[in-house]
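A quick write-up on the structure given underneath.
The values are calculated or read from the model by the stated rules, or taken from the named source; none is laboratory data. As the structure is a computational prediction, the values presented were derived from the model and not from experiment. Here the Cβ is made from the backbone with ideal geometry for all residues, glycine too, and neighbour counts use every protein chain on show. Just so you know, the surface numbers come from the protein's heavy atoms only, side chains and all, with ligands and any DNA or RNA stripped out. Shrake-Rupley method; radii C 1.70, N 1.55, O 1.52, S 1.80 Å.
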Amino acid sequence: MSGFYIDTVALRSVKAALGANESQMVAAFHKALRQTVNRLYKESVAMMFSETGAKNRKVVQRRIRQSTKKVSGNQPGTGKVWFGLNDMPVSTLKGRIKNPRPLRRQRDAKGRFITAKGSRGATFTPKSAQLTPVTFLNSFGATVRGKRSIWIRQDNGHVTEARIAVYNPMVSAVQSDLFSHASETLMDYFTKDLRGRVAGKV
């Protein structure tokens, strides 16, 4: 979850400058808040889509949520954007799947073939430069249940889909400048809407 700072003193300064009343200010603020959070949501989807190299936007949209909430009285409402940063399935990301080369058959001292030991696995190389290649032990790349991915063999004989960690690169991207312009954006929306309400005597 991430957010941004709202300068209530600045809001009231605009209210006074435009000659607006309290109800006009509150209404304009809540509309501006919804517009700002909606814009941040769209920017967040675009950013996560780019950072992770997801195959489609729906994968990312399911991981990001937005909400706004009004507060009783004269207190400003709140706006939030949530990010789901748990590991992403390999099948949802653009990249290359490479199966390991088969282990060479070995011979014992008498020249008899023996089973080669080892637990090699498939490697996923993400298209996104923000993610690093990962090799999963005891795995293979294949299409299972109609899904092309890397599958990890379990002790019970079942297979589970391999996942790639996206938390660190996403946190870095969110903390960089994604929300740096949020307060300014809200003030622009607020001022424009409040000016219209005052002019129209809404």
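Here are the numbers for the structure shown:
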item: Rounded accessible area of GLU43 (nearest 10 Å², 1.4 Å probe); result: 50
item: Helix-derived mean residue ellipticity, 222 nm - over the chain, DSSP H n ≥ 4, -39500 (n - 2.57), to 500; result: -12000 deg cm²/dmol
item: Under 11 Å, Cβ to Cβ, from LYS127 - net charge with Lys/Arg +1 and Asp/Glu -1; result: +3
item: 23 Å Cα-Cα threshold exceeded, pairs from LYS42/LYS69; LYS58/LYS147; LYS127/LYS147; LYS98/LYS147; LYS31/LYS55; result: LYS31/LYS55
item: Summed side-chain charge close to GLY19 - residues other than GLY19 whose Cβ falls under 14 Å, Lys, Arg +1, Asp, Glu -1; result: +4
item: Per-pair calculated FRET efficiency, R0 = 45 Å: ARG12 and GLN130 via Cβ, rounded to 0.05; result: 0.65
item: Using a Förster distance of 30 Å, the FRET efficiency for VAL144-ARG62 (Cβ separation, nearest 0.05); result: 0.90
item: Net dipole in debye of the range 14-83 [+1 Lys, Arg Cβ; -1 Asp, Glu Cβ; about Cα centre; nearest 20]; result: 400
item: Cα pair distances of the chain binned at 10 Å [whole percent]; result: 8, 25, 21, 16, 12, 9, 5, 2, 1, 0
item: Per-pair calculated FRET efficiency, R0 = 25 Å: ARG195 and LYS42 via Cβ, rounded to 0.05; result: 0.50
